[in-house]
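The next block holds one structure in the form of structure tokens; read it before the comments.
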Amino acid sequence: MPNSKCPSCGNTSFEIVENTPSKSAFKFHFIQCSKCGCVVGTHEYFNVGSLIINLAKKLHIDLP
């Protein structure tokens with residue numbers, strides 16, 4: 001399987017960086033090239049699925 005490459009510089013090493021874009025009320029995790037900083041993807045700062053499971057447990061709701 002080929003390694004993922006940065007579309008900007010061709011580097012094959014990436015990192016996750018916390019960031020709040022301007023005019024945004026929420027934080028995000030940016031997946032970016034560790035060499036040039038080119039952003040190749042984003043993830044929500046909070047893991048919404050985990051938050052829902054924890055809330056359901058506190059409310060004694062069984063999720064499938």
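Every number in this text was worked out from the coordinates using simple rules, so none of it is lab data. Just so we're clear, the structure is a prediction, and the values are computed from it rather than from any experiment.
Rounded to the nearest 500 deg cm²/dmol, what is the calculated helix-only ellipticity per residue at 222 nm for the chain, with -39500 (n - 2.57) per DSSP H run of length n ≥ 4?
Working: 1 runs with 11 residues, N = 64.
Only helices count here, giving -5000 deg cm²/dmol.
Defining a contact as two alpha carbons under 8 Å apart and six or more residues distant in sequence, what relative contact order in percent does the chain show? Intermediate values should be presented prior to the final figure.
On the way: 81 pairs, mean separation 14.4, N = 64.
Normalised by residue count, the contact order of the chain is 23 percent.
Listed options for log10 I(q)/I(0) by the Debye sum over Cα atoms at q = 0.19, 0.20, 0.22, 0.24 Å⁻¹ are (1) -0.81, -0.88, -1.00, -1.09; (2) -0.77, -0.80, -0.87, -0.94; (3) -0.93, -0.96, -0.99, -1.02. The value calculated from this structure is the one marked (2). The angle between the Cα long axis of helix 48-58 and the main principal axis of the chain comes to about 20°, on a 0 to 90 degree scale.
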